[in-house]
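Here is the structure we will look at.
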Amino acid sequence: MSVRTQSPQPSEQAVHRAGFACFVGRPNAGKSTLTNALVGKKVAITSNRPQTTRHTVRGIVHRPDAQLILVDTPGLHKPRTLLGERLNDVVRTTWAEVDVIGFCLPANEKLGPGDRFIAKELASIKKTPKIAIVTKTDLVDGKTLAEQLIAVDQLGRELGFEWAEIVPVSAVGEKQVDLLADLLVPLLPEGPALYPEGDLTDEPEQVMVAELIREAALEGVRDELPHSIAVVVEEMLPREDRPADKPLLDIHAFVYIERPSQKGIIIGPKGKRLKDVGIKSRKQIEALLGTPVYLDLHVKVAKDWQRDPRQLRKLGF
């Protein structure tokens, strides 16, 4: 078993590489946090709730020797709704199109049926190199980490393939994040940069704003509610009567839930919860866009939208 704790030696003649890497794993394996750590800025929303990611967010890592485009997919899971089936389709389509796959496995949780299910699917993808990334190493001691690394190595052998690399990382503790990038780059094809210098993601700003609002709405709600929340930004317009040195961006957005009974949970007593969602997400949106924002939030019911193809299309899935 080869576990990486140092970067590969650079080749004598420097070549530029550019390509796509995809992080996969069961829900809440640390994929979005790792994407943000590598990019150095928030491009993917994170939450301690499963199924937080719904779009494939591309984060772009610019280096002198390479451009690494990170595709962050939803967690592969056993679907119970039409939305769940569509999210799984997104994952499989992405796997078929990237240059390297990073399989995220948390250090603090023993390998389970969900990990084996994903690894079995990965085993069927013959040509694409696969790196095992043991995440959340800051949450375990050395002995537990060593046991997890051995278990991950054995998982590949059992399924008849070998990991291109096995690397332990802590995105929160910023341990071995740069090393991971060093290991991914040699697996990319040679070629010029695919995105302009300075671009961190190719997500439309409206989608990212909606995701930041949804992240704020996810915090502190009941366990069953996260899957029921969707956010659509209806309008983003600069306010016309503002002087050039004091701009203000008006954002009008709707938070959609599935049942009238959920409306009170999102709004909270005397509207406090929705107000908190607005304050928290507005700060994140202003940091993202670099301009002051007026955020107008409303809650709407879209009955059973996760199971309704027409509603799913309307909400962008």
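Considering only residues in region 117-160 that are basic (K, R) and at pLDDT 90 or above, the one that is farthest from G102 (Cα to Cα) turns out to be K143. Under the condition of being among the aliphatic types (A, V, I, L, M) and touching a helix residue (DSSP H, G or I) at 6+ places or on another chain (Cβ under 8 Å), which residue from region 151-162 is surrounded by the most Cβ atoms within 10 Å (Cβ to Cβ)? Applying the filter and picking the extreme gives L155.
Here P196 clears all of (1) at pLDDT 90 or above; (2) over 17 Å from the mean Cα position of the chain (by Cα) except the condition numbered (1). Restricting to region 247-267, and then to whatever is part of a loop (DSSP other than H, G, I, E, B) and at pLDDT below 85, can you tell me which residue is surrounded by the most Cβ atoms within 10 Å (Cβ to Cβ)? Going through the qualifying residues, I end up with E258.
Matching residues to (1) at pLDDT below 75; (2) in the same structural domain as E147 (by TED's automatic domain parsing); (3) within 26 Å of L188 (Cα to Cα):
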residue	(1), (2), (3)
V71	no, yes, yes
G75	yes, yes, yes
N88	yes, yes, yes
A96	no, yes, yes
F103	no, yes, yes
P113	no, yes, no
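From the list T5, T35, the lone residue that is polar (S, T, N, Q), touching an Asp or Glu at 6+ places or on another chain (Cβ under 6 Å) and either assigned to a helix (DSSP H, G or I) or modelled with pLDDT of 70 or more (or both) is T35. In the set (1) modelled with pLDDT of 80 or more; (2) part of a loop (DSSP other than H, G, I, E, B); (3) over 26 Å from the mean Cα position of the chain (by Cα), the condition left unmet by T291 is number (3).
Among what's in region 127-150 and is touching a residue at least 12 places away in the same chain (Cβ under 8 Å) and closer than 13 Å to F161 by Cα, pick the residue that is surrounded by the fewest Cβ atoms within 10 Å (Cβ to Cβ).
Checking each candidate, the answer is T128.
The values are calculated or read from the model by the stated rules, or taken from the named source; none is laboratory data. From a predicted model like this one, the values you see are computed outputs, not experimental measurements. Neighbour counts run over all protein chains shown; Cβ positions are idealised from the backbone, glycine included.
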